[in-house]
Amino acid sequence: MVVISTVGIYLALILFSRIAGLRSFSQMTNFDMAATVGIGSMLATTALSSSTPLLVGVVGLAVLFAVQWVVSRLRRHRGPERLVDNSPLVLMSGADVLSEHLTIAAMTRSDLRSKLRLAGVTRYDQVGAVVLEVPGGVSVRVSGPGDPPMDPDLFASVRGRDQLFSDDSFVS
């Protein structure tokens, strides 16, 4: 029974992910991450639990993919997007660490230093900006003398973007 359930739920997963498209497992937002965890949980429960029939697992999987699809369509509008998604957050502006933003992000300076090292930063003056992205990754923009300025539009949805641009160069 485990073999039949596992193969069946796996085939359903392939079918639903082909219908829903590449974004199904993208983990671009917190909602995507939650859906991915939910999908994994449904797969495991259906494959290994004798109390969950294959049909119930397939229906649950279909409903989760449908909800994910509906939410992805609603996210195209500003209101629902705000409800579903967190906003990226500026952690550093140039060499300046924004301590209050580290607190909001529940990160320590040690966490931040680790991310800087992983990005190849060897001196704070190499940092243009550090942003905690929606899925939890940290983007580090390394800058040097003569590099072009950052485009404000790339930071349009980022909380704390005003810390990156002076009033005369920031375009909202």
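Rank these residues by their accessible area, most exposed first, probe 1.4 Å: ILE39, ILE19, ILE14.
The most accessible residue leads, giving ILE19, ILE14, ILE39.
Sorting GLU100, GLU133 on solvent-accessible area from highest to lowest, probe radius 1.4 Å, gives GLU100, GLU133. When the chain is treated as a Gaussian network with alpha carbon springs shorter than 10 Å, the biggest mean-square fluctuation among LEU116, LEU102, LEU15 belongs to LEU15. To the nearest ten degrees, helix 109-118 and the longest principal axis of the Cα atoms of the chain are 80 degrees apart. Using a probe of 1.4 angstrom, how much of the accessible area of the chain is carbon and sulfur, in percent? Heavy-atom surface of the chain belonging to carbon and sulfur, 1.4 Å probe: 61 percent. Which of rounded, prolate, oblate describes the range 102-172, given a ≥ b ≥ c as roots of the alpha-carbon gyration tensor eigenvalues and a/c under 1.5 marking rounded, otherwise prolate only if a/b is larger than b/c? Oblate is the answer for the range 102-172, as a/c is 1.5 or above yet b/c matches or exceeds a/b.
Relative to the dominant Cα principal axis of the chain, helix 30-48 is inclined by about 30°.
Each of HIS101, HIS77 has its accessible area taken with a 1.4 Å probe; listed largest first, they run HIS77, HIS101. Would you mind pulling out the separation of the Cα centroids of the range 143-167 and the range 86-126, in Å? About 15 Å separates the Cα centre of the range 143-167 from the one of the range 86-126. Highest GNM mean-square fluctuation, the chain, Cα pairs closer than 10 Å: which of ALA47, ALA156, ALA106? For the chain, modelled as a Gaussian network with Cα springs under 10 Å, the answer is ALA106.
The values are calculated or read from the model by the stated rules, or taken from the named source; none is laboratory data. All figures in this text were calculated on a predicted structure; none of them were measured in a lab. The area values use the complete protein model at the heavy-atom level, side chains included, leaving out ligands, DNA and RNA. Shrake-Rupley method; radii C 1.70, N 1.55, O 1.52, S 1.80 Å.
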